[in-house]
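Below is one structure, written out as structure tokens; comments come after it.
The values are calculated or read from the model by the stated rules, or taken from the named source; none is laboratory data. Note that the structure is a prediction, hence the values are computed from the model and not measured. Here Cβ is always computed from backbone atoms with ideal geometry, including for glycine, and neighbour counts include all displayed protein chains. The area values use the complete protein model at the heavy-atom level, side chains included, leaving out ligands, DNA and RNA. Shrake-Rupley method; radii C 1.70, N 1.55, O 1.52, S 1.80 Å.
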Amino acid sequence: MRTLITGAAGMLGSDVVEACSGRGHVVVALPRAELDITDARAVEAALERHRPDAVVNCAAWTDVDGAEDDEDAATRVNDGGAALVAAAAAASGAKVLYASTDYVFDGSKRRPYVESDLPGAISAYGRSKQAGETSVAVANPRHFIVRSSWLFGTAGQNFVETMLRLGSEQPEVLVVSDQRGCPTYTPHLAEGIALLIEGDEFGIHHLAGAGSCSWFEFAQEIFDEAGLESRVMAATTDMLARKAPRPVNSVLASERPDPIVLPHWKQGLAEYMAAREARALDSGGVK
């Protein structure tokens, strides 16, 4: 199987490259420096040149708060660029996977969100991804839309690194306790994506770390894993006043009869910390 991956140098993209390679795919890895997905001619040329069986689009605007200041720019990538990739994939006979987000939901549901729940994004970032889902589905009938949440991986900045930094600098760290989601380790998500694109179960899939927690509980587990003595203090969303609104509940579950199930988020965190320590030891640095 020949798989083309956009955004291949990013946190998720780099793990998808590794997961697909590990499953024997012939991988074409295109980081942003080699393919700007908002450039229609470049996208068409790349698909014509490489003729993949599947395209995994990991190129995205991911700055949630920054999107509030420039929604047009976020939409240009997350919607317009995604549509170009999906259409070019369709023209070359390839299926396409679009990496989406829990932030397409408004957070008002009291139970976990499943694939058939209607989205209703409350932030500029969420709206850009929600629009991208629609555009991809229209542009290529052979599509997978994968919603995940609270990603963390070793190839990019993430909540875990932020907490480790703050916990080493401050005796107390204030963390939101009234938002719930599913922390997802990107190598686990990447394995699920690599498996998914080998089949033909097209449509929307929820793939996120098993279990759920608040950001506060996630931070507590991070500090426990790292052995940090800094205290985690609970805060409300209103107290921290972020620019972009976040869904109070963005826990994801699947209603599919035979879904791909990812490992528990705590297992993901343990693996992340082990990989982080191994990398530090290999480089002769500190943890």
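Observations
- The residues in segment 10-42 that are over 19 Å from residue 186 (Cβ atoms), in a strand (DSSP E or B) and open to solvent by less than 30 Å² (accessible area, probe 1.4 Å) can be counted, and the count is 1.
- Unmet requirement for residue 179, which otherwise passes all of (1) at pLDDT 95 or above; (2) over 30 Å from residue 1 (Cβ atoms); (3) out of contact with any Phe, Trp or Tyr (no Cβ under 9 Å at 6 or more places or on another chain): (3)
- Yes/no for residue 116 being buried (at least 18 other Cβ atoms within 10 Å of the Cβ), in contact (Cβ under 8 Å) with a residue 24 or more places away in the chain and touching a strand residue (DSSP E or B) at 6+ places or on another chain (Cβ under 9 Å): no
- Residue 254 among the polar types (S, T, N, Q) and at pLDDT 95 or above: yes
- Against the list (1) touching a residue at least 12 places away in the same chain (Cβ under 8 Å); (2) surrounded by fewer than 19 Cβ atoms within 10 Å (Cβ to Cβ), the condition residue 45 fails is (1).
- When 7, 66 are checked against the criterion of being open to solvent by less than 30 Å² (accessible area, probe 1.4 Å), without any contact (Cβ under 8 Å) to a residue 60 or more places away in the chain, more than 21 Å from residue 145 (Cα to Cα) and not hydrophobic (A, V, I, L, M, F, W, C), a single residue qualifies: 66.
- The set of residues from segment 125-161 being touching a helix residue (DSSP H, G or I) at 6+ places or on another chain (Cβ under 6 Å), part of a helix (DSSP H, G or I) and β-branched (Val, Ile, Thr) comprises 136, 160.
- Candidates are the residues of segment 122-137 that are open to solvent by less than 20 Å² (accessible area, probe 1.4 Å) and over 16 Å from the mean Cα position of the chain (by Cα); the one that is farthest from residue 55 (Cα to Cα) is 123.
- Count of segment 71-96 residues which are within 19 Å of residue 127 (Cβ to Cβ), open to solvent by 30 Å² or more (accessible area, probe 1.4 Å) and either aliphatic (A, V, I, L, M) or not in a helix (DSSP H, G or I) (or both): 2
- Those residues of segment 168-178 which are touching a strand residue (DSSP E or B) at 6+ places or on another chain (Cβ under 6 Å) and open to solvent by 10 Å² or more (accessible area, probe 1.4 Å), in sequence order: 172, 174, 176, 177
- In segment 263-287, the qualifying residues are those that are open to solvent by 60 Å² or more (accessible area, probe 1.4 Å) and at pLDDT 95 or above, and the one that is nearest to residue 217 (Cα to Cα) is 266.
- Segment 162-188: number of residues that are assigned to a helix (DSSP H, G or I), over 19 Å from residue 26 (Cα atoms) and within 16 Å of the chain's Cα centre (by Cα): 2
- One residue from 197, 260, 222 being surrounded by 22 or more Cβ atoms within 10 Å (Cβ to Cβ) and under 30 Å from residue 90 (Cβ atoms): 197
- Against the conditions (1) part of a loop (DSSP other than H, G, I, E, B); (2) open to solvent by 30 Å² or more (accessible area, probe 1.4 Å); (3) over 27 Å from residue 198 (Cβ atoms), residue 60 satisfies every one except (3).
- For segment 227-249, a tally of residues being among the small types (Gly, Ala, Ser) and either over 26 Å from residue 172 (Cβ atoms) or surrounded by fewer than 16 Cβ atoms within 10 Å (Cβ to Cβ) (or both) returns 2.
- When 270, 219, 208 are checked against the criterion of being under 16 Å from the mean Cα position of the chain (by Cα) and closer than 26 Å to residue 190 by Cβ, 208 stands alone in meeting it.
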